[in-house]
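Asks: Quick one: the structure is below, questions incoming.
The values are calculated or read from the model by the stated rules, or taken from the named source; none is laboratory data. Keep in mind that this is a model prediction, so the values were computed, not measured. Because the Cβ atoms are built from the backbone with ideal geometry, glycine has one as well, and the counts that use them run over all protein chains shown.
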Amino acid sequence: MVAGIIIGASVFVQPSEINRHVPTPAGVLSVWIAAGVLTLFGSLVCADLSRVFPQTGGVYVFLKETLSPGCGFLWGWAMFWSAHSGIIAASSVVFARYVGHFVPLDDAGIRAVAIGGILLLSGLNYAGVRQGSLCQTAVTVSKVAIIAVLLAMVFLFARPAVHSAPPMPSGIFREFVLGVSAALFAFGGWHMVTYTAGETRAPERTIPRALLIGTLVVTACYVALNAAYLYLLPIDHVIGSKRVAADAAEVLAGSGGASFISALVILSASGVLNGVILAGPRTYYAMAQEGLAFRWLGSIRSAMIAQALWSCVLVATGTYRDLFTRVIYTEWLFFALMAIGLMRLRKRFLVVPAIFAAAAMLVAIIQIAADPLKAATGLGLVLLGLPVYLFWYAPRSQDASRPSFSRTHGA
């Protein structure tokens, strides 16, 4: 799940966003390594928390237990209405666009295929966590194997490109952080394995191991892939390309390279789509079990249906673009809070959580400063959940925690 959810289409499609900020081979690889280390630190924070709270719900449970139920609620609110459903919608559209490489599709056809992919994989996961996990395992193994073959072909047959020396942008530190932020988008989803802890054998051991191994595998794949791009293509070509993996494959394998990469992107997007569909309903289920969501979401299957329908609405209307891009950085604000919650739980300063919290806050702040208007609307969308919590769910939770006469008097 960890490797399959993280390795999506972005590492094959548009590393140019990262290279634009750091236009040197050494700088590019440094960005990917830094993003991998930061993701590893976040995984270690999640691993520590999952040992203490091996329950279904993941980050929602961590925030609720270490900080406050309201903080956990806002995470779940942002997940359902924008970030998580937006990932499902965006991944399904990427999947459909690359299906269009083999079967011509207009805009309506792309949306239809995207919605069909959501419904198909939601139906598979509706059948049970075992079926969804088996699908995820098969897709991930195939994906990593194909990447290994691609890298072996580069090593054996490719000739190195000649790199010019493009001018370095001003504000190197800021550009480096923006590059890391763009790379972190490609690392998204590393925390989602914690959502299924309640349905995992020995979660206090299995989840931390999965986070550690999965993050290291993905970091190795990403650094190697980007090294391959820079080996095959000049840096200015990489910066200007919107489908860098396809361009690299074409250099390596001719016109058939584009079809090869299209098939790989389809496989990668389906892996992300399946993993996110599997993980998300576990949070809504956990919230409903504690009175912080509609009661009918208190079944994982009902939560999966709701998630699928809302994601399909986002695809059909195209609104996922605004929702997803305007709220994605808020994840990192919540991740910083998660690390702070761990230190609060342990009642002492911890080096890795402190570094991760500071880095997560820096990433979020620089992203917000880069586009304040978009940031304000994205944060506003998240904060819309606060009055919902205060005026609807908070009174219910207070009533539930207040001891009744019958309980206190043994009646």
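Asks: Ile328 versus (1) buried (at least 20 other Cβ atoms within 10 Å of the Cβ); (2) at pLDDT 90 or above: which is the lone unmet condition?
Replies: Ile328 satisfies all of (1) buried (at least 20 other Cβ atoms within 10 Å of the Cβ); (2) at pLDDT 90 or above except (2).
Asks: Right, something else. In region 181-277, which helices (runs of 4 or more DSSP H) lie fully inside it and hold 3 or more residues that are of a type outside the set (Lys, Arg) and under 22 Å from Ile146 (Cα atoms)?
Replies: 203-232, 244-253
Asks: List, please: which pairs have Cβ atoms under 7 Å, are six or more places apart or on different chains, and start with a residue in region 173-192 that is among the aliphatic types (A, V, I, L, M) and end with one that is surrounded by fewer than 21 Cβ atoms within 10 Å (Cβ to Cβ)?
Replies: Final answer for the pair search is Val177/Leu362; Val177/Ile366; Leu178/Ile366; Leu178/Ala370; Val180/Ala34; Ala182/Glu17.
Asks: Is it true that some residue in region 105-118 is under 16 Å from Ala279 (Cβ atoms) and in a helix (DSSP H, G or I)?
Replies: Within region 105-118, one or more residues are under 16 Å from Ala279 (Cβ atoms) and in a helix (DSSP H, G or I).
Asks: Checking Ser406 against (1) more than 21 Å from the chain's Cα centre (by Cα); (2) at pLDDT 80 or above, which test does it fail?
Replies: (2)
Asks: Report yes if Leu63 is in a helix (DSSP H, G or I), touching a residue at least 40 places away in the same chain (Cβ under 8 Å), over 30 Å from Ala246 (Cβ atoms) and touching a helix residue (DSSP H, G or I) at 6+ places or on another chain (Cβ under 6 Å), otherwise no.
Replies: For Leu63, the condition - in a helix (DSSP H, G or I), touching a residue at least 40 places away in the same chain (Cβ under 8 Å), over 30 Å from Ala246 (Cβ atoms) and touching a helix residue (DSSP H, G or I) at 6+ places or on another chain (Cβ under 6 Å) - is met.
Asks: Now for a separate question. Just name the residue that is modelled with the lowest pLDDT out of those in region 191-228 that are farther than 15 Å from Ser43 by Cβ and small (Gly, Ala, Ser).
Replies: If we take residues in region 191-228 being farther than 15 Å from Ser43 by Cβ and small (Gly, Ala, Ser), then Gly198 is modelled with the lowest pLDDT.
Asks: Please verify whether region 36-43 includes one or more residues that are under 25 Å from Ile300 (Cβ atoms), outside any helix (DSSP H, G or I), touching a residue at least 24 places away in the same chain (Cβ under 8 Å) and touching a helix residue (DSSP H, G or I) at 6+ places or on another chain (Cβ under 6 Å).
Replies: No, region 36-43 has no match at all.
Asks: Only one residue in Gly70, Gly123, Gly117, Gly100 is surrounded by 24 or more Cβ atoms within 10 Å (Cβ to Cβ) and among the small types (Gly, Ala, Ser). Which one?
Replies: Going through Gly70, Gly123, Gly117, Gly100 in turn, just one is surrounded by 24 or more Cβ atoms within 10 Å (Cβ to Cβ) and among the small types (Gly, Ala, Ser): Gly117.
Asks: Return the pair list, or none, for Cβ contacts closer than 8 Å from residues in region 292-307 that are under 17 Å from Trp77 (Cβ atoms) to residues that are among the aromatic types (Phe, Trp, Tyr) and loosely packed, with under 15 Cβ neighbours inside 10 Å, at least 6 apart or on different chains.
Replies: none
Asks: Of the conditions (1) closer than 21 Å to Val59 by Cβ; (2) at pLDDT below 90; (3) surrounded by fewer than 24 Cβ atoms within 10 Å (Cβ to Cβ), Ala306 clears all except one; give me its number.
Replies: So the condition that Ala306 fails would be (2).
Asks: Let me ask you something else. Are any residues in region 341-369 touching a residue at least 40 places away in the same chain (Cβ under 8 Å) and farther than 20 Å from Gly188 by Cα, and if so, which ones?
Replies: Gly341, Leu342, Arg344, Leu345
Asks: If a residue must be more than 19 Å from the chain's Cα centre (by Cα) and surrounded by fewer than 21 Cβ atoms within 10 Å (Cβ to Cβ), how many such residues does region 332-364 contain?
Replies: The number of residues fulfilling the criteria is 14.
Asks: Tell me, which residue of region 92-104 that is in a helix (DSSP H, G or I) and small (Gly, Ala, Ser) is nearest to Gln307 (Cα to Cα)?
Replies: Ser92
Asks: Provide a single number: the residues in region 104-136 that are touching a residue at least 60 places away in the same chain (Cβ under 8 Å) and not hydrophobic (A, V, I, L, M, F, W, C).
Replies: Going through region 104-136 one residue at a time, the tally reaches 8.
Asks: Okay, next question. Does Thr56 count as touching a Ser or Thr at 6+ places or on another chain (Cβ under 9 Å) and not in a helix (DSSP H, G or I)?
Replies: yes
Asks: Examine region 278-292 for a residue that is in a helix (DSSP H, G or I), modelled with pLDDT of 90 or more and surrounded by fewer than 19 Cβ atoms within 10 Å (Cβ to Cβ), and state whether such a residue exists.
Replies: no
Asks: Taking interchain pairs and intrachain pairs at least six residues apart, which have beta carbon atoms under 8 angstrom, with the first residue in region 259-275 and crowded, with 24+ Cβ neighbours inside 10 Å and the second among the hydroxyl-bearing types (Ser, Thr, Tyr)?
Replies: Val265/Tyr98; Ala269/Ser91; Ala269/Ser92; Ala269/Tyr98; Gly271/Thr140; Val272/Ser91; Leu273/Ser91; Leu273/Ser92
Asks: When the residues of region 15-35 are narrowed to those that are crowded, with 19+ Cβ neighbours inside 10 Å and part of a loop (DSSP other than H, G, I, E, B), which ends up modelled with the highest pLDDT?
Replies: Going through the qualifying residues, I end up with Val22.
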